[in-house]
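Any read-out appearing in this document is the output of simple, stated calculations on the displayed coordinates, not a laboratory observation. Computed from a predicted model, the values in this text were never measured in an experiment.
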Amino acid sequence: MKDAVDSIPAEQSADQESFANRKLIRPILNRTDHNHNSHGHNHAPAERRDRDRDRSAAPAKKTAPTEQTNAENFYYQKQMQTKTPMVIVLRDGEEVHGYIEWYDKNCIKLNRAGAANLMIYKPAIKYMFKEGENERK
């Protein structure tokens, strides 16, 4: 019976040592959950608070602005709804007149009066403006 009593503390100390080693490589969430279930380890919460304080400082940094502002989408939507006559100037200098019927990520569809409709890839567009705006020059 004395042997059985001696073996219990030895197993507990071995578990505590392996728990301490495991604790260093486990993620915070698992470690936090595990410490709530532990039996009176007072030093672990202080270590966790120090680590949490170091990590909580990182998210406080400003995040980079999003790549998508939706300004282009807003512009296309407005011109489509009003069927505004547009002038599309291509990279080679050619001007195409019509109104934007629809658009997607890569191209726009231009409806033209008295001519075939065009699907124009956005990389081929140099710039565009509302028809009649060029008369101010």
Task: Extended-chain gain in nm, criterion 0.36 nm per residue less alpha-carbon gap, Lys105 and Lys130 - done: 6.9 nm
Task: Descending principal axes extents, the stretch 79-127, alpha-carbon based, whole Å - done: 26, 24, 17
